[in-house]
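Beneath this line is the structure, given in structure tokens, with notes to follow.
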Amino acid sequence: MAKSITSAYYDDYWSRHTGWTPHPSLTTLKRKLFTRFVTPHTVVLDVGCGNGVHYGRDLASIAPEYYGLDISEVAVETAQRNGIRAQSHNLQVPFPFPAGKFDTILCVEVLEHLFDPAFALSEMRRVLKGGGHIIVSVPNIAHLSNRVRAVLGGFSPGGTPETSSRRQWADPHIRFFTLRSLRGLAAEQRMNLVEVYGEGFSVFSTFPVFSPLAARLVGWERLERWSQPFEFLARWWPSLMAGHLIGVIKYMG
């Protein structure tokens with residue numbers, strides 16, 4: 001059977017050898033959250049698990065059952081080698097699991113890639129146990145640097161460094177979230193956003209004009225490191241200062 005355009009796109013996405021990878025290493029904040037909700041007593045689903053290289057294999061060694069779904073066969077093959085019970089699956093059709101199977105669901109930087117994120121979240125709710133938690137991470141389109149870009153006539157979708165700065169029309173991010181819209185999405189599925197965190201105040205790497213020039217001189221990774229002393233701003237005012245929003249969504253059943 002021929003692959004869909006979407007699955008072929010994400011096979012290529014996960015096959016790149018450009019030195020950039022879709023998921024960075026876990027931040028301190030995400031590591032703390034995952035430590036709370038992924039334990040030796042929780043059954044976990046990683047929605048959009050990718051290749052599992054950066055955090056999936058570590059979490060799979062903790063949870064008694066750690067499952068993953070991803071549309072890319074390339075990513076799934078690597079995830080399986082990393083100890084994840086991963087399978088290739090289109091997140092826009094019903095998940096291949098019974099209702100109430102999982103204690104914890106992770107959805108890290110995935111909803112912004114989906115045509116219908118509301119359907120995916122409804123499926124997460126269906127397969128989550130009553131009282132279970134969904135940990136969601138999404139880019140914050142309303143963070144300060146994007147507001148500055150908008151005033152100057154620009155826009156950064158945030159999917160990859162190359163497309164965000166030069167080819168926005170080719171960026172893999174097709175849905176965009178603010179703190180308000182993330183709350184609205186959860187409420188629409190009759191779930192509560194019970195905790196909200198912000199991270200990623202990249203003062204040196206996300207402002208227009210300056211960013212590409214500085215990156216050519218010192219590189220994106222170094223600019224990110226130089227931003228770390230200002231990271232407290234993202235925690236202090238997530239809706240404005242955070243490049244990424246992390247939400248803990250609870251389902252009461």
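The values are calculated or read from the model by the stated rules, or taken from the named source; none is laboratory data. Small disclaimer: the values here were computed from a predicted structure and weren't measured. Glycine also receives a Cβ, built like all others from the backbone with ideal geometry; neighbour counts cover every protein chain displayed. What goes into the accessible areas is simple: the full protein's heavy atoms, side chains included, and nothing from ligands, DNA or RNA. Shrake-Rupley method; radii C 1.70, N 1.55, O 1.52, S 1.80 Å.
Looking only at residues in the range 123-152 that are touching a strand residue (DSSP E or B) at 6+ places or on another chain (Cβ under 6 Å) and assigned to a helix (DSSP H, G or I), the one that is surrounded by the most Cβ atoms within 10 Å (Cβ to Cβ) is M124.
Would you confirm whether or not the range 11-33 contains a residue that is buried (at least 24 other Cβ atoms within 10 Å of the Cβ) and within 27 Å of G158 (Cα to Cα)? The answer is no, given that none of the residues of the range 11-33 is buried (at least 24 other Cβ atoms within 10 Å of the Cβ) and within 27 Å of G158 (Cα to Cα).
From the list F95, F155, F102, F201, exactly one residue is closer than 30 Å to R225 by Cα and buried (at least 16 other Cβ atoms within 10 Å of the Cβ). Which is it? Answer to the selection: F201.
Out of all the residues in the range 26-43, which are under 16 Å from the mean Cα position of the chain (by Cα) and either among the polar types (S, T, N, Q) or within 23 Å of E77 (Cβ to Cβ) (or both)? Scanning the range 26-43 gives L26, T27, T28. Looking across the range 77-107, just one residue is of a type in the set (V, I, T), out of contact with any helix residue (DSSP H, G or I) (no Cβ under 7 Å at 6 or more places or on another chain) and either part of a loop (DSSP other than H, G, I, E, B) or at pLDDT 95 or above (or both), and that is V93.
To keep it simple, each residue is scored yes or no on (1) closer than 23 Å to L106 by Cα; (2) under 14 Å from the mean Cα position of the chain (by Cα); (3) at pLDDT 85 or above.
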site: G130; (1), (2), (3): yes, no, yes
site: P139; (1), (2), (3): yes, yes, yes
site: L152; (1), (2), (3): no, no, no
site: E162; (1), (2), (3): no, no, no
site: P172; (1), (2), (3): yes, yes, yes
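Tallying residues that are in contact (Cβ under 8 Å) with a residue 40 or more places away in the chain and either open to solvent by 60 Å² or more (accessible area, probe 1.4 Å) or small (G, A, S) (or both) within the range 64-85 yields 3.
Just so you know, in the range 209-253 the residues that are among the charged types (D, E, K, R) and at pLDDT 70 or above include one that is surrounded by the fewest Cβ atoms within 10 Å (Cβ to Cβ), and it is R216.
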